[in-house]
Structure formats: C-alpha cells, structure tokens
1. Run through the range 21-112 and list the GluC sites (Glu not before Pro) located in a DSSP loop whose Cβ has at most 12 other Cβ atoms within 10 Å.
2. Assign unit charges at the C-beta atoms only (+1 for Lys and Arg, -1 for Asp and Glu), then state the dipole size of the chain relative to its Cα centre in Debye, rounded to the nearest 20.
3. Could you work out how far apart the two model spin labels at Lys21 and Met1 are, taking each label as a point 7 Å from the Cα in the direction of the beta carbon, and quote it in nm?
4. State which entries of Lys15/Lys99; Lys137/Lys174; Lys110/Lys137 exceed 21 angstrom in Cα-Cα distance in the structure shown.
5. Could you let me know the centre-to-centre spacing of the range 121-169 and the range 51-107, using Cα atoms, in angstrom?
6. Once Rh is set to the Kirkwood radius over Cα pairs, what Stokes-Einstein translational diffusion coefficient, in µm²/s, holds for the range 1-125 at a temperature of 10 °C and a viscosity of 1.306 mPa s?
7. Go ahead and collect, in residue order, the members of the range 136-158 whose backbone nitrogen is under 13 Å from a label point 7 Å along the Cα-Cβ direction of Ser175.
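Quick note: the coordinates plus some simple rules give every number you see, no bench work behind them. This is a predicted model, so every value here is computed, not measured. Here the Cβ is made from the backbone with ideal geometry for all residues, glycine too, and neighbour counts use every protein chain on show.
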Amino acid sequence: MYTLDQLKYIVSQCKMCELYKERNNTVFGEGNPHARIMFIGEGPGYYEDQMGRPFVGKAGQLLDKMLSSIELKREDIYIGNIVKCRPPNNRNPLEVESKVCIEYLRWQVKLIDPDIIVCLGAVAARNIISQDFKISKERGAWIKKGKFHIMATYHPAALLRDESKKRDSWEDLKSLRAKYEEILDVEKRG
Ligand code: URA
Ligand code: SF4
C-alpha cells in the first residue's frame, strides 16, 4: 500500500488519459490525512492548474466561506477531485477520463479513511453515487455505501452562477454539520 505522498508523486507523473497534455500541474488534493470528511470536486480549474492545489480560485474562496459557516477549516477536512488534471476550457471530464482517474481517488479514500464523503456538484455525484444522479432533486440526501455516509450538494461554482441555490446549500451544510457531530459522538463513546 502506498502512502499519500507516494501516490501524489505517481499522479504527478501520470499520462493515463489525454488530460496530461495541457496541464501545468496535477492537482492531487490536500488537507488533513486523517480527516473524517472528504469533499470531492470535479477537476482543477485555471488557478488550480497554475498552483497545483485544489479549490484556490473563486469557487474555492466560496468553499472556504461555506466551511467556516459550519465551523470547519481546510485543516479539518480533505479536498480532492474526480480528475487531477485540468480539462481544457474547464469542460466536464469525459467518461474515459474520469473512469481512469477515479482510481487514484479510490486510493486516497482508502488511505484517508473518512466517515463522510461530500460530492460537490453533479460530476462528482454521478461518478460516486449514481450515473443518473440529479443534483437539483437528490442533493442533501444521505446515502450509505459500505462504511461511508455520502451526500451531494451544489458545487460552489454553481452557487456563484445562481444565488437562489444558496438556501438549499445552507440546509445541506447544516445537515453535514449534524452528521459530523453524530460521527464524533460515536467515536467519543467508542
Ligand atoms: N472546481 C473543482 O471542481 N475543483 C477544484 O479544485 C476547483 C474548482
Ligand atoms: Fe492521469 Fe488523472 Fe491526469 Fe488523466 S486526469 S493524466 S488519469 S492524473
């Protein structure tokens, strides 16, 4: 079994799909290696590709606000993406790209071993929860897969485009906080 650092190095060398051709940096993901909560986005955008770090652009700034609204910091959680290289012009990843790249994410999930997985947006939800996931209808609902409690909510970029989604997003965040408290309680009781 590789360590996260070894896996990060492997990803930095990856040419398993066409997305390697235009990347400046791979964006492996970052955060607390022992996080109870993992957030999964879609893929790097312009700034993420420049910096090699997830969610550092406008959507990332909003994500930070969303986290702080439920008293979480980046250091408390881990953030990754379905694909590690930026799709040209921020298009959605193709199925061939996400199917290959998600294997790295599976490794990350195994190593970090979170209790909660939050899918940010439809691309993450379709790759992690179900292929025909409808974000507007199915967001906010918890499902259980193995040991993982999984929920999808709007991608912060979608909230930037459409302010009317913020009310539902806030409900999802409160639900996430409640689930997190539940998990911490169970741990405390051992
Ligand atoms: N959007 C994503 O889905 N992921 C990032 O890392 C940044 C923006
Ligand atoms: Fe490899 Fe993923 Fe980058 Fe494709 S997107 S080259 S699979 S790291």
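1. Details: sites: Glu22, Glu30, Glu42, Glu48, Glu71, Glu75, Glu95, Glu97, Glu103; in loops: Glu42, Glu71.
Listed in order of number, the matching sites are Glu71.
2. Charge dipole of the chain: 200 debye, to the nearest 20.
3. 3.8
4. Working: Lys15/Lys99 14 Å; Lys137/Lys174 18 Å; Lys110/Lys137 29 Å.
The pairs that break the limit, which is 21 Å between Cα atoms, are Lys110/Lys137.
5. 14
6. On the way: Rh = 14.4 Å.
D, rounded to a whole number, is 110 µm²/s.
7. Counting backbone N atoms under 13 Å from the label point, the list is 136-144, 150-154.
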